[in-house]
Amino acid sequence: MIDVAAVSVTYGHGASLVRAARNVSFHIQAGDALGLVGESGSGKSTVMRAIAGLIPHAEGRIAIAGRVMPNKRPRESRRVTQMVFQDPYGSLHPSQTVDQTLAAPIAIHNLDNAEARIMTALTEVGLGREHRFRYPHQLSGGQRQRVAIARALILEPKVLLLDEPTSALDVSVQAEILNLLTRLRRDLGLTMLMVSHDLAVIAHICDRIGVMSRGELLEMTTATDLAEGRVNHPYSRQLLRANRGFDPSGVDVDVTA
Amino acid sequence: MTEAPLLSVRNLRVVYPGDDGDFRAVRNVSFTLGRERLGIVGESGSGKSTTGRAIMGLIASPGRVEADHLQLGDTDLSTITEAGFRKLRGKRIAMVLQDPKFSLDPVMSVGKQIAETHRYHFRSSRKAARQAALEMLAAVHIRDPERVYDQYPHQVSGGMGQRIMIAMMLIAGPDILIADEPTSALDVSVQQQVLTIMDEMVKSRGMGLILISHNLHLVSSFCDRVLVMYAGQIVEVCDAGKLHEAQHPYTRGLLAALPELGHRRAELPQLQRDPAWLIDLPAAVGTAA
């Protein structure tokens with residue numbers, strides 16, 4: 001469903017050129033979920049944004065559902081991939097109701113049956129009729145993220161791109177959203193790409209997990225291998241250890257400015 | 001605990017007046033802190049940060065702090081004024097916040113900011129304060145303190161910024177450090193470094209530490225004792241290592257809702273909130289030490 005081949009993303013030029021992603025390749029089968037983990041600046045979000053078409057890629061090839069994506073995306077290709085962002089407080093327009101938020105993509109893509117589509121999307125994410133005419137500030141954090149997911153689903157995409165979808169949420173709300181994502185993937189046959197710094201969250205949703213650092217995809221592993229510590233790269237091991245909580249052993253605390 | 005506690009709190013309440021009557025953001029909170037690492041966990045809105053801010057005297061009007069007893073060593077915090085708190089903050093009790101980007105002054109070099117704390121509390125000379133600041137930077141494992149001294153906050157990384165905050169908070173030798181989500185804005189590998197440094201400083205100086213966090217794994221692996229807060233109250237106190245044996249349904253629900261590496265469940269159990277958890281608890285819950 002998603003084919004990423006030797007993709008590089010660069011910012012700036014000349015001496016100030018930054019290679020935010022270098023030679024990244026992976027493939028996601030239809031209906032699979034792939035996760036990318038890494039620290040800030042590792043390039044995981046950059047790769048996701050390049051797939052979403054939010055930023056141009058300098059080299060390599062991105063194909064979605066068998067079609068090679070140019071940097072300038074045709075409008076109908078955006079229906080295939082939709083994205084959910086980290087912070088539902090920031091990604092929803094504060095002065096638009098849920099109804100307006102969900103109606104916008106329908107209008108942009110000239111789709112019919114707006115009424116039915118909105119109700120279906122709301123039902124899919126577990127929101128009711130009573131939430132439809134509320135503003136974001138009248139919703140809880142979890143409900144807002146449900147609205148953001150509904151907005152992504154309303155175009156009936158094949159691919160859902162999830163950029164840290166639960167890291168702004170409390171643990172109990174995170175569980176609700178993770179359950180929702182699991183159910184949507186199963187019921188709608190969605191292909192998912194998820195970015196997170198939380199190994200446990202990513203291993204809950206994804207079967208295969210790519211570890212990124214400094215713009216490079218260091219290794220591709222599975223949720224099972226990761227859980228059993230079968231990772232090769234020292235950096236992956238460091239991530240694993242940090243996931244278990246505080247462990248001062250082997251921490252090098254000295255830094256140079 | 002044989003020696004007198006560093007901090008003793010009995011029946012702490014933080015109240016914000018509202019149109020529908022007073023809102024009690026923190027209520028019935030009692031605990032003591034010795035030379036130990038005490039964790040406070042809870043979700044957003046549970047009152048964990050407000051508790052920390054109340055101890056620091058940082059609750060702004062119209063919010064009110066009330067307590068039967070709020071004692072820092074030999075000082076009764078419930079009677080002192082803002083001017084009194086200014087003398088205590090930094091000297092006796094200090095606080096590290098989540099994001100160094102927002103807690104450091106962007107237009108003053110980081111070294112000067114650290115030295116300023118020293119000058120304020122010890123009335124020291126410029127030279128002595130500079131020397132003390134350089135020593136603190138070295139103590140938080142910054143290898144080239146001279147260079148970092150003259151850097152501005154935008155020139156340092158998040159982990160470095162948090163080390164600088166710790167240096168600034170500890171330079172006047174407080175008895176208690178309150179760290180409110182000190183590593184949530186940092187990458188995991190840097191988190192470990194910052195926690196290791198904090199641990200080292202707290203141990204070597206015999207300080208008491210209150211670590212406020214939403215991260216259950218982090219708190220249970222770092223602290224000695226954990227207070228679990230829900231809706232403004234302490235619902236449970238556990239030994240940190242025994243958090244997984246927690247009894248309260250809220251704590252158990254939170255632990256169960258966490259996805260776990262190597263233990264993938266088709267569905268995560270969602271927290272079922274019981275209205276009974278909101279009922280006022282006897283104020284003595286947190287004092288069990």
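For the stretch B:113-143, give me each residue that is assigned to a helix (DSSP H, G or I) and free of Cβ contacts under 8 Å to residues at least 12 places away in the same chain.
If the condition is that a residue be assigned to a helix (DSSP H, G or I) and free of Cβ contacts under 8 Å to residues at least 12 places away in the same chain, then B:119, B:126, B:127, B:128, B:131, B:135, B:138 are the ones that fit.
Which pairs do you get when a residue that is within 19 Å of residue B:48 (Cα to Cα), found in the stretch B:13-33, comes within reach of a residue that is buried (at least 21 other Cβ atoms within 10 Å of the Cβ) and among the hydroxyl-bearing types (Ser, Thr, Tyr), reach meaning Cβ atoms under 7 angstrom, with the pair 6+ apart or on two chains?
Matching pairs, first to second residue: B:14/B:50; B:25/B:50; B:26/B:50; B:26/B:51; B:29/B:51.
Out of A:114, A:58, A:103, I need the residue that is more than 22 Å from residue A:32 (Cα to Cα), of a type in the set (A, V, I, L, M) and at pLDDT 95 or above. Which one?
A:103
May I ask you to say which residue of B:274, B:280, B:224 is within 24 Å of residue B:10 (Cα to Cα), surrounded by fewer than 19 Cβ atoms within 10 Å (Cβ to Cβ), within 14 Å of another protein chain (Cβ to nearest Cβ) and touching a residue at least 24 places away in the same chain (Cβ under 8 Å)? It would help to see each step written out before you state the result.
Details: B:274 fails: within 24 Å of residue B:10 (Cα to Cα); B:280 fails: within 14 Å of another protein chain (Cβ to nearest Cβ).
Matching residue, one of B:274, B:280, B:224: B:224.
Within the stretch A:205-234, how many residues are within 8 Å of another protein chain (Cβ to nearest Cβ) and in contact with an Asp or Glu (Cβ under 8 Å, 6 or more places away or on another chain)?
Result for the stretch A:205-234: 1.
Please specify each residue of the stretch A:160-202 satisfying the condition of being over 18 Å from residue A:39 (Cβ atoms) and of a type in the set (Asp, Glu).
A:170, A:176, A:187
Of all residues in the stretch A:1-59, which are in a loop (DSSP other than H, G, I, E, B) and surrounded by 15 or more Cβ atoms within 10 Å (Cβ to Cβ)?
A:1, A:32, A:38, A:39, A:41, A:42, A:43, A:53, A:55, A:57, A:58
Could you say whether any residue in the stretch B:117-131 is surrounded by 17 or more Cβ atoms within 10 Å (Cβ to Cβ), closer than 19 Å to residue B:198 by Cα, among the polar types (S, T, N, Q) and in contact with a Leu (Cβ under 9 Å, 6 or more places away or on another chain)?
The answer is no; no qualifying residue exists.
Among the residues of the stretch A:119-150, which ones are under 19 Å from residue A:190 (Cβ atoms) and hydrophobic (A, V, I, L, M, F, W, C)?
Passing the criteria: A:121, A:122, A:125, A:127, A:147, A:148, A:149, A:150.
Answer yes if at least one residue in the stretch B:214-221 is away from every other protein chain (no Cβ under 12 Å), surrounded by fewer than 20 Cβ atoms within 10 Å (Cβ to Cβ) and either closer than 21 Å to residue A:243 by Cβ or at pLDDT below 90 (or both), and no otherwise.
no
Looking only at the stretch B:39-83, which residues are surrounded by 20 or more Cβ atoms within 10 Å (Cβ to Cβ) and basic (Lys, Arg)?
B:48, B:53
Pull up the stretch A:61-87, narrow it to residues that are polar (S, T, N, Q) and modelled with pLDDT of 90 or more, then point me to the one that is surrounded by the fewest Cβ atoms within 10 Å (Cβ to Cβ). So that I can check it myself, show each step before the final result.
Keep residues of the stretch A:61-87 that are polar (S, T, N, Q), which gives A:71, A:77, A:81-82, A:86.
Retained after the next criterion (residues that are modelled with pLDDT of 90 or more): A:81-82.
Numbers: A:81: 24, A:82: 22.
That would be A:82.
With the stretch B:183-289 as the region, which helices (runs of 4 or more DSSP H) entirely inside it contain at least 1 residues that are polar (S, T, N, Q) and farther than 24 Å from residue A:237 by Cα?
In the stretch B:183-289, the matching helices (runs of 4 or more DSSP H) lie at B:188-204, B:249-257.
The values are calculated or read from the model by the stated rules, or taken from the named source; none is laboratory data. Because the structure is a prediction, the values reported are computed rather than measured. All Cβ positions, even for glycine, are placed from backbone atoms using ideal geometry, and neighbour counts span all protein chains on display.
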